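Undergrad: There's a structure below that I have some questions on.
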Amino acid sequence: MRLSVACVQFAPAKAKVDENLARIGETILEVSREGVDLVVFPEASTTGYFLEGGVLESSLTSQGLLERLTNFRPERPIDAVIGFYEKEGTLLYNSAAYVSWDGAAWQLVTSYHKFFLPTYGVFDEDRFVGRGTAPGTVETRFGRFGIMICEDAWHSILSTLLALDGATVMIVPSASPARGFSEDRPSNLLRYERVLTGIAEEHGVYCLNAMLTGFEGGKGFVGGGMVVDPFGKLIAQSPVAEEHVLVTEIDLDQVTLARAGSPLISDLESAWSDVQAWVAAR
């Protein structure tokens, strides 16, 4: 199965939820007209990332997010992943909503809560949002996909579990402030390239990465979002530090070919009961 995907590099206006969602909706309409089947927006794309104590005021319920999309009616079916701060009951989360337009209405397929919350250096997430407790596997009309938000992808255990759970595509919305300038590109972007190509090659999956860009409080988000194929090849990448819509085609049949040539997932599946026993005995 072939599908057209778009990874949107986006610089939201800080805490301007309606303004940002209007831009998101217009972008969905635009890429839909270009034949895109799945569009991915960055982490915290409805608000900007560094809200800290302002998370509550700018958070949405998943239903509230869906309602704000109702004015945007693409001419053909399209799916979207949108990073946002979510209010669920009395709790707040750094979330990514997977939504689908079927030609008549928007549907919420799932809302994933970020599992690993960075609280070091410039990051302070654990003070302001709750941690998710479930992996981000989602059954889409294209097959079973996985969602990881930024730091999640840096922990290899999570992508492994998603791949074991049947994910063939890893969707990675991110907001990564540029840091480390000893090479031609920021070191965190180089690390992202290594992380995502490693995930793709080990598990035989596509990785779709949409990066935040722009400046917040003197911190510049790196950009450089990318698409990696299941052989670990970087097949498309956005420029650094500017808004950009990265459109490319992926072929899900390549997942089968990659896993046939390097059957690491099937090896792990055959040894999984032993791995579980080892973990339980620790």
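Undergrad: Report the extension gain between residue 260 and residue 274 in nm, rounded to one decimal, defined as 0.36 nm multiplied by the number of residues separating them, less their alpha carbon distance.
TA: The span from residue 260 to residue 274 would gain 2.7 nm if fully extended.
Undergrad: Give the relative contact order (percent, whole number) for the stretch 110-175; include only Cα pairs under 8 Å separated by 6+ residues. Walk me through the numbers on the way to the answer.
TA: Values: 98 pairs, mean separation 19.9, N = 66.
This gives 30 percent for the stretch 110-175.
Undergrad: Sequence gap at least 6, Cα distance under 8 Å: using those rules, report the relative contact order of the stretch 164-277 to the nearest whole percent. Walk me through the numbers on the way to the answer.
TA: Working: 192 pairs, mean separation 27.2, N = 114.
Here the relative contact order equals 24 percent.
Undergrad: How high is the FRET efficiency from residue 133 to residue 267, r the C-beta distance, R0 25 Å, rounded to 0.05?
TA: Calculated value: 0.35.
Undergrad: Still on this structure, please answer the following. Cross-chain or 8 or more residues apart, Cα under 25 Å: how many lysine pairs in the chain fit that? Count them up, please.
TA: 8
Undergrad: If you take every DSSP beta bridge whose two residues both sit in the chain, what share of them, in percent to the nearest 5, is antiparallel?
TA: Values: 41 of 59 bridges.
If we restrict to bridges inside the chain, about 70 percent are antiparallel.
Undergrad: For the stretch 20-63 and the stretch 189-223, what is the separation of their C-alpha centers, rounded to whole Å?
TA: Using only Cα atoms, the two centres lie 18 Å from each other.
Undergrad: Build a GNM of the chain with springs between Cα atoms under 10 Å: which of 124, 184, 37 gets the top mean-square fluctuation?
TA: 184
Undergrad: Write down the percent of antiparallel bridges among all DSSP beta bridges whose residues are both part of the stretch 75-209, to the nearest 5.
TA: Taking every DSSP beta bridge with both residues in the stretch 75-209, the antiparallel ones total about 75 percent.
Undergrad: While we're looking at this one, here's another question. Just to confirm, what accessible area per residue do you get for the chain at 1.4 Å probe, in whole Å²?
TA: 43 Å²
Undergrad: Give me the percent of the accessible area of the chain that comes from carbon and sulfur atoms, probe 1.4 Å, all protein chains in place.
TA: About 50 percent, which is the carbon plus sulfur part of the accessible surface.
Undergrad: So what is the relative contact order of the chain, in percent, for Cα pairs below 8 Å that sit 6 or more residues apart?
TA: 19 percent
Undergrad: Hey, for a label at residue 16 modelled as a point 7 Å past Cα toward Cβ, could you say which residues of the stretch 58-80 have their backbone N under 18 Å away?
TA: Only 58-59 fall inside the zone, counting backbone N under 18 Å.
Undergrad: So, one more: Compute log10 of I(q)/I(0) for the chain with the Debye formula, placing one identical point scatterer on every Cα and leaving out solvent, at q = 0.10, 0.15 Å⁻¹, to two decimals.
TA: So the normalised log intensities work out to -0.48, -1.12.
Undergrad: If you don't mind, there's one more thing I want to ask. Of the peptides 63-69, 174-180, 107-113, how do they stack up when ordered by the mean number of other Cβ atoms within 10 Å, highest first?
TA: Put in order of decreasing packing, that is 174-180, 107-113, 63-69.
The values are calculated or read from the model by the stated rules, or taken from the named source; none is laboratory data. Treat the numbers as computed from the prediction; the structure is a model and nothing was measured. FYI the Cβ positions are ideal-geometry reconstructions off the backbone, even for glycines, and counts take in every protein chain you see. All accessible areas refer to the heavy atoms of the entire protein, side chains included, with ligands and DNA or RNA removed. Shrake-Rupley method; radii C 1.70, N 1.55, O 1.52, S 1.80 Å.
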